[in-house]
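Contents: one structure, followed by commentary.
The values are calculated or read from the model by the stated rules, or taken from the named source; none is laboratory data. Since this is a predicted model, take the numbers as computed values, not measurements. FYI the Cβ positions are ideal-geometry reconstructions off the backbone, even for glycines, and counts take in every protein chain you see. Quick note on the areas: whole protein, heavy atoms, side chains included, nothing else; ligands and nucleic acids left out. Shrake-Rupley method; radii C 1.70, N 1.55, O 1.52, S 1.80 Å.
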Amino acid sequence: MSAVNRYKVRLAGTVLAVALLGGGTGCTGPDHTIERAQVVGIWKADDGGRIEFTADGRFAMSGIHREAETFSFSDPPPAGERLTGAGTWELEHQRFIELSYEKGGSFSDTETGSMGIAETGKDPVLYFSTDSDKEYGYEVRKVS
């Protein structure tokens, strides 16, 4: 699948998620929105995974479980591997963070992904939504 087609598939999934979550399903509410300035900083998972979002729209991540996000890798890393990578991010409707992964690190090609907002306020929490064992999937908490 070409990078353009992978992007279209991910974009369609995000649009569907926004429609479902914004449609009153009870999964999120008005308090599950976040401002761009709140995203900027360092976020860590309990297992040591780390993502840093910068004000210029860039991000870098390391130690994120391969299973935390579903990708259409043409050459996928082995299950259990921890991902490293970098790219750009964009806040969509204050409810989702769209990630565009660049080639490099664990990524042999470009990829797209997204994160949701599980908690806001003093101790915000973001998540990758593909872990069916947890309501919000693989979570990262803002540490600075």
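Tabulated data
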| quantity | calculated |
| --- | --- |
| Residue match in the stretch 97-107 (condition: at pLDDT below 90, in contact with a strand residue (DSSP E or B) (Cβ under 7 Å, 6 or more places away or on another chain) and either closer than 21 Å to A55 by Cβ or assigned to a strand (DSSP E or B) (or both)) | yes |
| Selection status of E52, of a type outside the set (V, I, T), assigned to a strand (DSSP E or B), open to solvent by 60 Å² or more (accessible area, probe 1.4 Å) and at pLDDT 65 or above | yes |
| Residue that is modelled with the highest pLDDT [pool: residues in the stretch 73-96 that are farther than 18 Å from D56 by Cα and assigned to a strand (DSSP E or B)] | T84 |
